[in-house]
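Quick notes on the structure that follows.
The values are calculated or read from the model by the stated rules, or taken from the named source; none is laboratory data. Values in this document were obtained by computation on a predicted structure and should not be read as measured data. Reconstructed Cβ throughout: ideal geometry from the backbone, glycine too, with neighbour counts over all protein chains shown.
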Amino acid sequence: MTATNLTRAALATRLAFLAAGFVMACWAPLIPFAKAQVGASEGTFGLLLLCLGLGSIVAMPVTGYISARTGARPMILLGGFGLVALLPLLVLAQTVPMLAAALALFGAALGTIDVAMNVHAAEVETREGRPMMSGFHAMWSVGGILGAGGVTALLWTGAGPLTAALSGSALAFVAMVVATPRFLRAAGGTPPTLALPRGTVLLLAVLAAICFLVEGAVLDWGALLIVAQGLMEPTGAGIGYMLFSIAMTVARLTGDRIVAALGQTRVLILGGLVAIAGIGLTLVPGAVAVALAGFVLIGLGCANLVPVVFSLAARQPDMAPGLAVAAVTTTGYAGILLGPALVGFAAEATSLAMAFALLAGLMLAFPLTARRITRA
């Protein structure tokens, strides 16, 4: 493959990550409108949101299998254009069953493009012969910032939720159209045998779940931790997650150079230790600056762990790359779905600070297993 074609494929991959992160983030500011539209209670809407996660988890293994057989390109297109079509339906749904179906399909499209674009990213990275995965994942973060910020701005200026959703879909559609002819067309090879994660893949899947669990805990419980520690009032406590997100985005934009300079093993070790140190700082009572610095360190530490895990999953010898990436992604999503609830149970049994301390203990898995998984 020529250098020009690889450059085109890398651009397509970045656009896929950007579009997926953008559409997903567009949904967040629209949630209150969708909830009001169907008249759902808090409990009912919680179950509705679960449909999104379940749709993703069901689609991911299927996508991994198909990508391993036919290549990732068709599944990226299915998932990407699916997200474009489904975003407006989320605010058009008039009843709870209609919204449940739309969310399940939206989740399935998200899970499809998530697995397929990571498989494609790993193929581009392998052919290029240099670290690229962090840069690809950074585009998801950038898309998230643009999507949430753009829809929020539209709503603030008086645009209706459907107008905001259609605007988001239109921009993502343009990105997918530009990307479509540039994706690699290579097939995956002989049909793989469906199998449960094993060997190195199982360990990588567990590590992905831990990292996603920590990220989900910072999102759902970070502000509450700041309040519980007596650091800030609830109105300003969201700054912790904001700093975490900015730090993660910056670290991913520079992550490929970091991985190239330090190597995957050191990135896993140092990233895990930095995240652990960050969690520790958030638990220092009465020191606002120290706690906020902790959120920055968590973002910096976690930023490149998952990209490295995906790179390793695509190159390990135990399973077909598509199936391995699907297993890691699915387990990671399980960490996002179950993590906040597990943190809540731990906090109720002990305290929220202790629950975060337990997360720091789980992050030890990265420095402890780094050498093993990078040698596989």
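The table below lists the values:
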{"read-out": "3 or more residues of a type in the set (Val, Ile, Thr) and over 22 Å from Gly147 (Cα atoms): qualifying helices (runs of 4 or more DSSP H) within segment 1-96", "value": "3-38, 42-70"}
{"read-out": "Any hit, segment 57-67, residues being among the aliphatic types (A, V, I, L, M) and over 24 Å from Ala179 (Cβ atoms)", "value": "yes"}
{"read-out": "Candidate set: segment 237-266, residues that are under 24 Å from Ala357 (Cβ atoms) and either in contact with a Ser or Thr (Cβ under 6 Å, 6 or more places away or on another chain) or of a type in the set (A, V, I, L, M, F, W, C) (or both); chosen: the one surrounded by the most Cβ atoms within 10 Å (Cβ to Cβ)", "value": "Phe244"}
{"read-out": "Any hit, segment 116-124, residues being under 23 Å from the mean Cα position of the chain (by Cα), surrounded by fewer than 24 Cβ atoms within 10 Å (Cβ to Cβ) and not aliphatic (A, V, I, L, M)", "value": "yes"}
{"read-out": "Number of positions in segment 317-350 that are surrounded by 19 or more Cβ atoms within 10 Å (Cβ to Cβ) and either polar (S, T, N, Q) or not in a helix (DSSP H, G or I) (or both)", "value": "5"}
{"read-out": "Leu362 being part of a helix (DSSP H, G or I), surrounded by 16 or more Cβ atoms within 10 Å (Cβ to Cβ), of a type in the set (A, V, I, L, M, F, W, C) and modelled with pLDDT of 90 or more", "value": "yes"}
{"read-out": "Any hit, segment 32-50, residues being of a type outside the set (S, T, N, Q), closer than 22 Å to Val142 by Cβ and crowded, with 20+ Cβ neighbours inside 10 Å", "value": "no"}
{"read-out": "Index of the failed condition, Leu323 passing every other in (1) among the hydrophobic types (A, V, I, L, M, F, W, C); (2) free of Cβ contacts under 8 Å to residues at least 60 places away in the same chain; (3) more than 17 Å from Ile298 (Cβ to Cβ)", "value": "(2)"}
{"read-out": "Given (1) surrounded by fewer than 17 Cβ atoms within 10 Å (Cβ to Cβ); (2) under 21 Å from Leu219 (Cα atoms); (3) of a type in the set (Val, Ile, Thr), index of the condition Ile57 fails", "value": "(1)"}
{"read-out": "Options Ala153, Ala121, Ala102, Ala59; residue that is modelled with pLDDT of 90 or more and either more than 21 Å from Val306 (Cβ to Cβ) or in contact with a Pro (Cβ under 6 Å, 6 or more places away or on another chain) (or both)", "value": "Ala102"}
{"read-out": "Matching residues in segment 330-359 - criterion: being touching a Pro at 6+ places or on another chain (Cβ under 9 Å) and within 22 Å of Ala313 (Cα to Cα)", "value": "Thr330, Thr331"}
